[in-house]
Every structure is written in structure tokens, then in C-alpha cells.
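So the structure is just underneath, and the comments pick up after that.
Just so it is clear, none of the values below were taken in a lab; they were calculated from the coordinates. Owing to the predicted nature of the structure, the values given are computational and were not obtained by experimental measurement. Cβ atoms come from the backbone with ideal geometry, glycine included; neighbour counts cover every protein chain shown.
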Amino acid sequence: MNVADNAFILICAALVMFMTPGLALFYGGLVRSKNVLATIMQSFIMLGLMSVLWAVIGYTLSFGHDIGGIIGGLDFAFLNGVGMDNVGSPAENLPHMTFMIFQCMFAVITPALISGAFAERMKFGGFMVFSALWLILVYAPMCHWVWGGGWMGQMGALDFAGGAVVHMSSGAAALCCAILIGKRKGHGSTAFIPHNLPMTILGAAILWFGWFGFNAGSALAADGLAANAFVTTHMAAAAAALSWIVAEWVHGGKATTLGAASGAVAGLVAITPAAGFITPMWAIVLGLAAGVVCYGGIMLKNRFGYDDALDVVGIHGVGGTFGALATGVLATVGAEGLIAGNAHQVWVQFVSVVATWGFCFAMTFVIFKAVDATIGLRATDEEQDRGMDVSEHSETGYQM
Amino acid sequence: MKKIEIITRTFKLDDVKTALAGAGVKGMTVAEVKGFGRQGGHKEVYRGAEYQVDFVPKIKIDVVVEDGLAGQVVEAARKAAHTGQVGDGKIFVSPVEEVVRIRTGETGDDAV
């Protein structure tokens, strides 16, 4: 066990924890004022629900002994055998508990990311059940496949900090949910204008800050690799913020603050799988491309007619996919991608992309249909008119 | 007594307030309002989605004055709020039947 690594990863876990309230603000500012609390709640309460589920069952399904490359065994259920020493810890330099709680924060934010797709129209009770099932049936298997000794990791797929596990999975789920739940009432005729962009910008800044824990911490040690991931993360976010506003300047006429914030998040998403595998200069190139690619990504919903309210598909789905493929091309640090002469890596990344989208979309479809049929997920038109804050939570975000 | 309602540009509030005080107005009520007229609205863009916003933010100032003061108050407000561009606003003048000062119970011109 290494005490310096332990100190670093515990702090990183706290940084990643802070991303979820950051996301709550990022999303909260983008909705109309009558839905601000319901939207914030769908992120914030994941700190409650996912943390408990993770300790009880999620962690062991992800990191218990490998069963056929598909899922983890029940050895660590109820945190059995997850102690203060490194016995059984997937990272030998860390106490098992440290590794567990760091991973816990990833499990918290991933279902919260999806909530942007069905914002302003999902009932809270159904949402909680959907999210709980999603953690167990989608997140835990994905996490096991990539990091827990499952088939994707065995195949050699590169995912440094969660491009597939966190971003592609939530992006695929978001697409499925947006299609199944249907458009918000008034979509196409009502102006869905963000009610508080300063809140959104602050949320994006908190995400950026927390992302250092997410990516640098994924080195699982306080070493040079962590430094590389920290630097590439920052450079990709910076470059994507720039390229997004240039893209919209050219395309739409003005550079917007929402564009700068969205671009930064797009860059952070795209660098996530690549952070520890590429150099800073390639991170800038990746970020510049990610800003433009995700700007295109948010246009998809208009072309195909689904109401992905807060652009989870466009930013996390498209950005995560782009990042995963780019990792296969640009990897030169501790792994070899196309530019290092290993074309096979691109194929491996492609397989992981297809499998992630296919599995997450299909499983989300099943969970959504099951919860919708039993509990119900879509709020009625009247409830949407009143606003989800009053109709689902009996409170309002702002008093006159 | 006359009630004078002035709809003006938001950035003209201070100028109009000063001009009204100079013309002998002793109190006023101000509200932020939205509306549209010939000026029309503007376009807003969020992540590439374009929205036409029809209602333009304006300031509405209400004052009530004695009949004899109304002419000069209106003229002072008009001069202060004037830019010459479409969207300068409007002034409405209407008769007021009664005014009551709540603290003392005075009525009419004494209460203004």
C-alpha cells in the first residue's frame, strides 16, 4: 500500500463527488424555471440512491470475481471484505475501501447524466426505480466488462476513465429514453429557453474542476501518469471550448457563453477514454475536433426528431464515441494506437463502441418499458404545464 | 388629478426620473414590464436552436399629479425619454377620480 497514492485518490474521489452537484447546476440552468428543482433533484438524489446501491450490490457486481467475462460475483456484497488494507483491492497500492469509494462516485454521476434527456417530463417515482435498475443492469456490467476483468478489458479496449462506461453508456441510454418517453409538451411550438445560464456556466466550471479527479485519479496513483491525464484533460476541455464557439460563430453568427460551456464539457467527455494514453498536443487536437463534432452532434436531434432536452446524446454519446475511436488512433502513452503503428487498436475500439451502444440501448429499452408499464414514467400534459417542481415535489425554486 | 403612465427604454429610467423630479413630481411607482409594438422582438440562439423573442423589456413609470402640473410633466418625460429611434415608448394620460393618503386619510390634491 502506498500512502501518497491513498491520499491522492481519496481527494480525487471527493472531486468526482462534486461533479454531480455541478451537473445538477449545469442541467438546472438549462430548463425552464418551473422545472429547476426537479431537474436538479434528478442529479442530486443520485448521490443518495446510487451510493447506497453501490455499497450493497453495485460494487461487487462490477469488481467481484469475474464470471465468464460478463459480471462480477457476490464476494463483496454489502462491502464484505472491503477493508482498510489492500487485501482483495483491484489496486494493490490502495486500501480496498479507497478504490471502492472512488469507483462509487462514477456510479453516482452516470445515471445522473442520462436525466438531461428526459428533463422536464419524467415522474420522480418512476425515475428512481428506473435509475436503480439501470445501475444494476447496465452500469455494473459495463463497469465489469471494461475495468473489472470482463471481456472488453480482456480484448484490449482502451478506456482510461470511462468513455464507454460513463459517457457512451449514458448517451445510449439517453437516446433510448428520449425516444421512448416522447417529446415535451409544446415541443416545436413553445420556446424552451434556458432560465438561468449563469447557473449552467457555474455548473460547467464545477464539472471541469471535478473532472481532474475523474481522469487524473483514474491513474489510481499519484504519479506521472496522473499528471499526464490531468494535463490532457485540461487541454482538451480548453481546446473544445474554443472550437465549439468558432463553429457556432461560423455557423450561427455569434459565439455564446452556453457554447463555451458546452464545448468545454464536450472536450472533457472526449478526452475521458484517452486521458492517460495520449500526449498533451494530441489532446489539444482531440479537443479541437471534439468541439466541432459535438456541435454537429446536438444538431442530430433536430434532424431525427427526438427530444433530447439537454443534449446528452449530442455531447456524451457522440463525444464519448468520438473519444473512444480517437483513443485507438492517438494512443502513444502506455498503449499503441494507429499513429504508433497499431491499426488493430482502432478495430478493438470500434468493437467496444458498437457493443456498448448496442448493449446499453437494448437494456435501457427493456428497463424503461418495464418501469413505464408498472409505475409510469411520463408526466401528464397538465403536470408538465404546472411544472415538475410543483407537480412532483410540491415546491418551487424561486419565490417572487 | 391625472395619472401619467410612461413606457420607456430600460436605460432611460434614470434620465426620466430626474426630469420628472425636476418638473415637480414628488413620488412615482416603477415596474419592469415586457411588451411589443412597432419595435418588434429579437432572435435568441441556444445550442443552435433559434427562438424569436417577441416581448421586449421596458420600464413603466406611474405618476399621479395635480391637473395643472400634467402638461409640463408629460413634456419633461417625453424630452428625457426621447432618442428618435423606433421603440422610445409611449405616455398615457388619464383622469384620476380620487387619491387617498393611507397614513393621514387626506384626499384629493392634498394626498398627491
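The figures follow:
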{"item": "Length added when fully stretched, residue A:209-residue A:189, from 0.36 nm per residue minus Cα-Cα", "result": "3.5 nm"}
{"item": "Cα-only Debye scattering, segment B:56-112: base-10 log of I(q)/I(0) at q = 0.27 Å⁻¹", "result": "-1.15"}
{"item": "10 Å Cβ neighbours from other chains, averaged over peptide B:37-47", "result": "4"}
{"item": "Relative contact order %, segment A:279-357, counting alpha carbon pairs below 8 Å whose residues are six or more apart", "result": "22 percent"}
{"item": "Spacing of the two label points (7 Å from each Cα toward its C-beta) at residue A:369 and residue A:223, in nm", "result": "4.6 nm"}
{"item": "Formal net charge of residues neighbouring residue A:221 (Cβ-Cβ distance under 15 Å; K, R +1; D, E -1)", "result": "-3"}
{"item": "Per-residue mean of C-beta atoms belonging to partner chains within 10 Å, peptide A:308-315", "result": "1"}
{"item": "Computed magnitude of the charge dipole of the protein assembly as shown (debye, nearest 20; Cβ of K, R +1, Cβ of D, E -1)", "result": "1060 debye"}
{"item": "P(r) of segment A:58-101 over all Cα-Cα pairs, binned every 5 Å from zero, in whole percent", "result": "6, 28, 32, 23, 10, 2"}
{"item": "Relative contact order, percent, chain A [alpha-carbon distance under 8 Å, six or more residues apart]", "result": "23 percent"}
{"item": "Potential extension, residue B:72-residue B:51 segment - 0.36 nm per residue separation minus Cα distance", "result": "3.4 nm"}
{"item": "Sorted by Cβ density within 10 Å, fewest first, the residues A:244, A:134", "result": "A:134, A:244"}
{"item": "Cβ-derived FRET efficiency at R0 41 Å, residue A:56 paired with residue A:350, nearest 0.05", "result": "0.70"}
{"item": "Long-range HN-HN contacts of residue A:378 with modeled amide H, under 5 Å", "result": "A:123"}
{"item": "GNM top mover of B:31, B:70, B:80 - chain B, alpha-carbon springs below 10 Å", "result": "B:31"}
{"item": "DSSP beta bridges in the protein assembly as shown [antiparallel fraction, %, rounded to 5]", "result": "95 percent"}
{"item": "Total formal charge among the other residues, if their Cβ is under 12 angstrom from that of residue A:150, Lys/Arg +1 and Asp/Glu -1", "result": "-2"}
{"item": "Where a label projected 7 Å from the Cα of residue B:86 along Cα→Cβ would reach, residues of segment B:34-73 with amide N under 13 Å", "result": "B:37-42"}
{"item": "Sequence-distant residues sharing a close amide H with residue B:35 (under 5 Å, placed H)", "result": "B:56, B:58"}
{"item": "Order of A:151, A:211 under a 10 Å beta carbon neighbour criterion, fewest first", "result": "A:151, A:211"}
{"item": "GNM result for chain A, Cα springs below 10 Å: residue of A:272, A:257, A:190 fluctuating most strongly", "result": "A:190"}
{"item": "Alpha carbon centroid spacing (whole Å) that separates segment A:93-170 from segment A:291-334", "result": "18 Å"}
{"item": "Diffusion coefficient, µm² s⁻¹, Stokes-Einstein with Kirkwood Rh over alpha-carbon pairs of segment A:3-388 at 4 °C and 1.567 mPa s", "result": "63 µm²/s"}
{"item": "Fraction in percent of alpha-carbon pairs per bin - 5 Å, segment B:2-111", "result": "2, 11, 20, 20, 15, 12, 8, 5, 4, 2, 1, 0"}
{"item": "Among A:251, A:209, A:320 the positive-end extreme of the charge dipole of chain A (Cβ point charges)", "result": "A:251"}
{"item": "Cα centroid of segment A:1-24 to Cα centroid of segment A:47-65, whole Å", "result": "17 Å"}
{"item": "Against the rule of thumb 2.2 N^0.38 Å, how large the Cα Rg of segment A:174-218 comes out", "result": "1.72"}
{"item": "Spin-label model distance (nm) - residue A:151 vs residue A:87, 7 Å beyond Cα toward Cβ", "result": "3.4 nm"}
{"item": "Residue order, fewest to most beta carbons within 10 Å, for A:136, A:284, B:61", "result": "A:136, A:284, B:61"}
{"item": "Within-15-Å neighbourhood charge of residue B:81 [Cβ basis; K, R +1; D, E -1]", "result": "+2"}
{"item": "Selection from B:45, B:87, B:69, by position along the positive dipole direction of segment B:2-111 (Cβ)", "result": "B:45"}
{"item": "Dipole magnitude of segment B:2-111, debye to nearest 20 (Cβ charges: Lys/Arg +1, Asp/Glu -1, about Cα centre)", "result": "480 debye"}
{"item": "More than 26 angstrom apart: percent of Cα pairs within segment A:256-400", "result": "43 percent"}
